[in-house]
Amino acid sequence: MQPQLLPISNPNPSSSSSSSSEIIPITSSASAGTMLFGSEDDMAATTRILISPTFEDEMKIETRPLISRTLSYTDTLSSTSGGSGSHQQQQRRRRTASETSLFSLSGGGRRHSFRQNMGRAASDTYLLTRLGCKLLRYLGVGYRWVTRFLSLGCYAFLLIPGFIQVGYYYFCSSQVQRGIVYGDQPRNRLDLYLPKNGDGPKPVVAFITGGAWIIGYKAWGSLLGQQLSERDIIVACIDYRNFPQGTMGDMIQDASRGISFICNNIAEYGGDPDRIYLMGQSAGAHIAACALLEQAIKEAGEGESTSWSVSQINAYFGLSGGYNLLNLVDHFHSRGLYRRIFESIMEGEEGLRRYSPEIKVQDPDIRNVVSLLPPIILFHGTGDYSIPSDSSKSFAETLRKVGVKAESVLYEGKTHTDLFLQDPMRGGRDDMFEDLVAIIHDGDSEALAKDANAPIKKRLVPECMLKLAHSVSPF
C-alpha cells in the first residue's frame, strides 16, 4: 500500500522556525518508519505533513484537522502571552470556528457547485490554450499567418451586425437544442435546429461545418440552420475534433458517429428517418465525403458491423469542398496552410491519397462500392480562391465516369464565403439556398407551395459592409 498524507499540528510551535527544511523522525512504536516534513513557509501555520507507510499505523496515530494560518497564529500568540489572555484567545478561536462551520453549512452546496463550474471552465480553457500553443508550434509565426489573422479580424468586424443577430438566435431560441451528445470522444456534440411547425415528420440535413480542419465548430452552421428550419427542414450541425486535437481519421470517425446518431434517433425530434440528407461546407464537405465513402466500403465488405447505412442518405451536398488533396496541397501551401502542417493533419504524405475521395472512387478494387453511393450535388463559386471551383467540377466528372449520379452547380463570381455567409446575410433571394431547398422538397407538392409563398429573407448586414467584407476576406 502506498503512503498516504495526513495532517497533524505541531505540538511545539516555537520550534518551527529553526530550519528551512527538516526531516523529523518519530520514534513512537506505533508510528515506526514515519517521517515529518517541515518548511519555513509554515512558520506562521504551525503544521506538518505526516507520511505513513501503512493505513494501520495511521489509525494508531491521533491526528487533528489542519487549521488555518489565522488560527495557528492565534495559537502562537496565546502560547507566548500570559495566562490572563489565554481564555479570551480560546473563546475567539471557538467563535471563529463556529462561524466558519455555520457558513459552510449554509452556503457550502452553492460554493461547491460554483467551484465545479469554475473547474470545468478552467479545464476547457486549459485544453484550448494547450491545443492553441501546439498549433502555433506547427504553424510558426510567418508573414502569411499574420496577414491572415488581421484580415480575419477585419472580416469578422464588418459582419458583426449579422453575427449578433445569429448569435442571439443560437443562444436564446427555443427551436435550437444545443450540445446533444452523440459519442464518447471530446467534442462529440451536435446542435439541432427545429422548425416551429411540428406537424408531421420533417426532412433532415446532417451538416458538417468547415474550418480548414483546424477551427471547425458546430455553431458555424447556425445561420444555415436557422434559415432551413424556417422552411420546415431540421438541421443537425455535427461537431468534431479538429487538428491538433485529432487528425483526419478522428474527424471522419466523429462525423460518422454523428451521422449514425441522426439516422437512429432523429425520429424522436420530429425528423423523418426516410428523408435524411448529408451536407458539408469547405473542409466539412471533404470530411463528409470521406465518411460517406468509408461507410460504403464497410457495407460492401464482409463481416463489417455498421450502425448506419449509406442507403439512409437521400443525397449528399458538398459546398465549396476539395476532394483531391494531391491537386490541392500546393495551392493550400501558397495560401498559408503549409504542406508540413497539412500532411500532419492528413496523417502523413500517404494520407493525401488515402483521404482523397476523387482518387479513391477510381480504385478498381472498390467498383462495387461506388454503386452504393447516393446522388451527389456539389455547389461551388467560380470566384473561390480558397478552394478552386475546378475541385467540384473534376470530382463530379469522375463520379459520373464510375457510374454515380453526380452534378456540379457553379455560381458565377461567388467566393468561398459568399455562398455560406455574405449571401444569406444580404437577404432577399439566395440562389444556392433556393436550389438546396428545391432538391430537398422535390416531390413534396405541399412543401414546394409553401416555398413559393415564403417571406423574403431579411437583410442582416448593410450592403456597404458586405462589399468591404468581400474585399478583405482571407478565405
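The values are calculated or read from the model by the stated rules, or taken from the named source; none is laboratory data. The structure displayed is predicted, hence computed values, not measured ones. Neighbour counts are summed over all protein chains in view; Cβ atoms, including those assigned to glycine, are modelled from backbone coordinates with ideal geometry. Just so you know, the surface numbers come from the protein's heavy atoms only, side chains and all, with ligands and any DNA or RNA stripped out. Shrake-Rupley method; radii C 1.70, N 1.55, O 1.52, S 1.80 Å.
Using Cα pairs under 8 angstrom and six or more residues apart, how large is the relative contact order of the stretch 162-472, in percent?
So the answer I get is 14 percent.
If you take all C-alpha pairs in the stretch 256-345, what percent of them are over 15 Å apart?
Of all Cα-Cα pairs in the stretch 256-345, 66 percent lie more than 15 Å apart.
Using a 10 Å cut-off on Cβ atoms, rank the peptides 439-452, 387-400 from the highest mean neighbour count down.
387-400, 439-452
Quick check on my link table: of Lys218/Lys414; Lys393/Lys414; Lys393/Lys457, which ones sit more than 22 Å apart, alpha carbon to alpha carbon?
Violating the 22 Å Cα-Cα cut-off are Lys218/Lys414; Lys393/Lys457.
Tell me which of Val437, Ser392, Leu460 sits at the most positive position along the dipole axis of the stretch 388-475, charges placed on C-beta atoms (Lys, Arg +1; Asp, Glu -1).
Leu460
Let me spell out the model: positive unit charges on the Cβ of Lys and Arg, negative unit charges on the Cβ of Asp and Glu, origin at the Cα centre of the stretch 162-472. What dipole size does that give, in debye rounded to 20?
700 debye
Toward the positive end of the charge dipole of the stretch 162-472, about the Cα centre and with charges on Cβ (Lys, Arg +1; Asp, Glu -1), which of Asn264, Ser309, His333 goes farthest?
The residue sitting most towards the positive pole is His333.
Counting pairs of alpha carbon atoms under 8 Å apart in space and at least six apart in sequence, what relative contact order in percent does the stretch 274-379 give?
Computed over the stretch 274-379, the figure is 36 percent.
Skip the ligands, DNA and RNA, and give the accessible area per residue of the stretch 338-471 with a 1.4 Å probe, whole Å².
Result: 48 Å² of accessible area for each residue.
Rank-order 335-342, 356-363 by packing density, defined as the average count of other C-beta atoms within 10 Å over each peptide's residues, highest first.
Ranking the peptides 335-342, 356-363 by packing returns 356-363, 335-342.
Rounded, prolate or oblate: which one fits the stretch 147-236, using the alpha carbon gyration tensor with axes a ≥ b ≥ c (rounded when a/c is under 1.5, else prolate when a/b beats b/c, else oblate)?
Oblate.
How compact and how long is the stretch 436-475, expressed as Rg and Dmax of its alpha-carbon atoms in Å?
Cα radius of gyration and Dmax of the stretch 436-475 are 16.0, 42 Å respectively.
Taking a ≥ b ≥ c as the square roots of the Cα gyration tensor eigenvalues, with a/c under 1.5 meaning rounded and otherwise prolate when a/b beats b/c, else oblate, which class fits the stretch 185-302?
oblate
Take the alpha carbon gyration tensor of the stretch 162-472, find the square roots of its eigenvalues, order them as a ≥ b ≥ c, and report rounded if a/c is under 1.5; if not, report prolate when a/b exceeds b/c, else oblate.
rounded
Given a 1.4 angstrom probe, I'd like the percentage of the accessible area of the stretch 162-472 that is carbon and sulfur, rounded to a whole number.
Carbon with sulfur: 50 percent of the solvent-accessible area.
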